[in-house]
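Asks: Please find one structure pasted underneath; my questions will follow.
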Amino acid sequence: MGGRAGGGAGMGRGSRGGGGAVGATERGLSKQEIKSLLSEEGAIRGNDFETAVIVDNKGNVVFKKKGDKTSVTIPYGAPLKDNILTHNHPAAYKDAKGRPMANTSFSDKDIITVIGGNAKGMRIISQGGTRFSMTRPASGWGVSPSKIGAKVAGAKKSVYNALTKYVQNYKGDKSVAAGRADQLYWHLVSKKLSKTLGYSYTKQKIK
Amino acid sequence: MNEDIIKKCQAAGVDPSVLTNDEIEELKREIEKEKQGLQVLDGVLSNPSLLFRKEAQ
C-alpha cells in the first residue's frame with residue numbers, strides 16, 4: 001500500500017478511543033481528530049443506515065447527515081476541503097452466496113467525492129468491524145478533480161477484468177468464486193488506485 | 001427502463017438487465033437526489049455483486 005501521511009499520531013498504537021483501538025488508520029491524525037472521529041464512528045458503526053460526518057482539523061464536527069441502508073448524500077459545497085469525511089458501511093449488500101458484505105471498502109463515488117472536494121482524507125467504519133482510511137499526501141491527491149473519474153474507472157476496469165478471469169477459471173461452484181470477488185472488489189480498487197496516485201490507503205480490523 | 005438508468009449503469013460498468021425491480025426503484029430515487037444537487041455516496045450501483053451476478057450463475 002501507499003506511503004504514510006505526514007505528522008505525528010496523537011495516540012500510541014493500541015491505545016483506545018471511542019470507536020475502537022487506534023492503529024494504522026489513525027496515522028498522521030491529531031489527538032483532537034482521533035478523539036472526534038473514533039467517537040463519531042463508534043456511534044454509527046452498528047446502524048443499518050449510512051451516516052456521513054465531516055470533521056475539521058480541530059476535531060469539530062462540521063457536517064453530519066443520515067442516509068439510508070445503501071447510501072448517504074452530501075450537498076455540493078459541503079465543507080470537504082482540508083477536512084476528513086467519515087461514514088459507515090452497513091452490511092446492506094449481499095454477495096453471490098447470499099452472505100452480507102459487512103466489510104466493504106470505499107466505493108467509486110466515495111473516492112470521487114473526497115478527491116474532487118480536496119478533502120484531507122476519508123474513512124469508513126464497516127458494520128463488520130473493519131476501518132478503512134485514505135489520506136491525502138502532503139503533495140496533494142496526485143490527480144485533478146476533472147480527471148479522478150477516469151482514474152477510478154481505469155482501476156475498476158483492471159480489477160474487474162482480473163476478478164472476472166478468476167471467476168471464469170474457477171473449477172467448481174462459480175457462485176463461490178463470485179462471492180469472493182464481490183467481497184474483495186472495492187478493497188482491490190482502492191489498493192490499485194492508491195498505488196497509481198500515491199496516496200495512503202490502510203485498513204485495520206477492530207474489535 | 002428509462003434512459004437515465006441505462007446511462008448510470010453504463011457509467012458504472014453494470015449490465016442494466018441484472019438489476020432487480022427494487023434496485024431499479026432505488027436507483028431512480030438516487031437519480032432524483034442528484035438532480036436536486038446532492039452527491040450520492042455509495043448507492044445501488046456500488047454493490048459489487050452486480051458486476052459478477054451473471055458469472056455467478
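The values are calculated or read from the model by the stated rules, or taken from the named source; none is laboratory data. The model shown is predicted, which means the values in this text are computed figures rather than measured ones. As a convention, Cβ positions derive from the backbone with ideal geometry for all residues, glycine included, and neighbour counts pool all protein chains shown.
Asks: Does the range A:166-181 hold any residues that are within 10 Å of chain B (Cβ to nearest Cβ) and assigned to a helix (DSSP H, G or I), and which are they? Explain how you work it out, then say what you get.
Replies: Our first condition is that a residue be within 10 Å of chain B (Cβ to nearest Cβ); within the range A:166-181, this holds for A:166-168, A:170, A:173-181.
Selection gives A:166, A:167, A:168, A:174, A:175, A:176, A:177, A:178, A:179, A:180, A:181.
Asks: Considering A:203, A:192, which residue is within 15 Å of residue A:104 (Cβ to Cβ), away from chain B (no Cβ under 12 Å) and either over 13 Å from the mean Cα position of the chain (by Cα) or not β-branched (Val, Ile, Thr) (or both)?
Replies: A:203
Asks: Which one of A:77, A:116 is at negative phi, within 9 Å of another protein chain (Cβ to nearest Cβ) and not aliphatic (A, V, I, L, M)?
Replies: None of the others qualify; the one that does is A:116.
Asks: Still on this structure, I have one more. Starting from the range A:162-191, take each residue that is surrounded by fewer than 16 Cβ atoms within 10 Å (Cβ to Cβ) and list its partners that are acidic (Asp, Glu), counting only C-beta distances under 9 angstrom and pairs at least six apart or across chains.
Replies: From residues that are surrounded by fewer than 16 Cβ atoms within 10 Å (Cβ to Cβ), the pairs are A:168/B:55.
Asks: Considering only residues that are part of a loop (DSSP other than H, G, I, E, B) and closer than 28 Å to residue A:44 by Cα, look in the range A:119-150 and name the one that is farthest from the other protein chains (Cβ to nearest Cβ).
Replies: Among them, the one singled out is A:137.
Asks: Taking residue A:203 as the residue in question, decide whether it is of a type in the set (D, E, K, R), on the phi < 0 side of the Ramachandran plot and outside any helix (DSSP H, G or I).
Replies: yes
Asks: In the range B:1-21, how many are within 18 Å of residue A:92 (Cβ to Cβ), within 11 Å of chain A (Cβ to nearest Cβ) and not β-branched (Val, Ile, Thr)?
Replies: Matching residues across the range B:1-21 total 1.
Asks: Something else about it: Given (1) away from chain B (no Cβ under 11 Å); (2) among the small types (Gly, Ala, Ser); (3) assigned to a helix (DSSP H, G or I), identify the lone condition not met by residue A:153.
Replies: (1)
Asks: Answer yes or no: is there a residue in the range A:95-109 that is within 10 Å of chain B (Cβ to nearest Cβ), in contact with a strand residue (DSSP E or B) (Cβ under 6 Å, 6 or more places away or on another chain), in a helix (DSSP H, G or I) and not small (Gly, Ala, Ser).
Replies: yes
Asks: Within the range A:58-89, which residues are of a type in the set (Ser, Thr, Tyr) and under 16 Å from the mean Cα position of the chain (by Cα)?
Replies: A:70, A:71, A:73, A:86, listed by residue number.
Asks: Which of the residues that make up the range A:55-74 are of a type in the set (S, T, N, Q) and either touching a His at 6+ places or on another chain (Cβ under 9 Å) or at the interface with another protein chain (Cβ under 10 Å from one of its Cβ atoms) (or both)?
Replies: Result: A:70, A:71, A:73.
Asks: Something else about it: May I ask you to say which residue of B:25, B:55 is over 11 Å from the mean Cα position of the chain (by Cα), of a type in the set (Asp, Glu) and either in a helix (DSSP H, G or I) or closer than 20 Å to residue A:97 by Cα (or both)?
Replies: Just one listed residue meets the conditions, B:55.
Every residue, every condition in (1) surrounded by fewer than 20 Cβ atoms within 10 Å (Cβ to Cβ); (2) modelled with pLDDT of 95 or more, yes or no:
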site: A:3; (1), (2): yes, no
site: A:8; (1), (2): yes, no
site: A:15; (1), (2): yes, no
site: A:19; (1), (2): no, no
site: A:32; (1), (2): yes, yes
site: A:38; (1), (2): no, yes
site: A:45; (1), (2): no, yes
site: A:59; (1), (2): yes, yes
site: A:63; (1), (2): yes, yes
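Asks: Right, another one. May I ask you to verify whether residue B:41 is at the interface with another protein chain (Cβ under 8 Å from one of its Cβ atoms) and buried (at least 21 other Cβ atoms within 10 Å of the Cβ)? Steps first, answer last, please.
Replies: Numbers: at the interface with another protein chain (Cβ under 8 Å from one of its Cβ atoms): yes; buried (at least 21 other Cβ atoms within 10 Å of the Cβ): yes.
Considered against the rule, which asks whether it is at the interface with another protein chain (Cβ under 8 Å from one of its Cβ atoms) and buried (at least 21 other Cβ atoms within 10 Å of the Cβ), residue B:41 comes out as yes.
Asks: Would you say residue A:83 is more than 8 Å from every other protein chain (Cβ to nearest Cβ), modelled with pLDDT of 95 or more, over 24 Å from residue A:138 (Cβ atoms) and crowded, with 19+ Cβ neighbours inside 10 Å?
Replies: No: the conditions fail for residue A:83.
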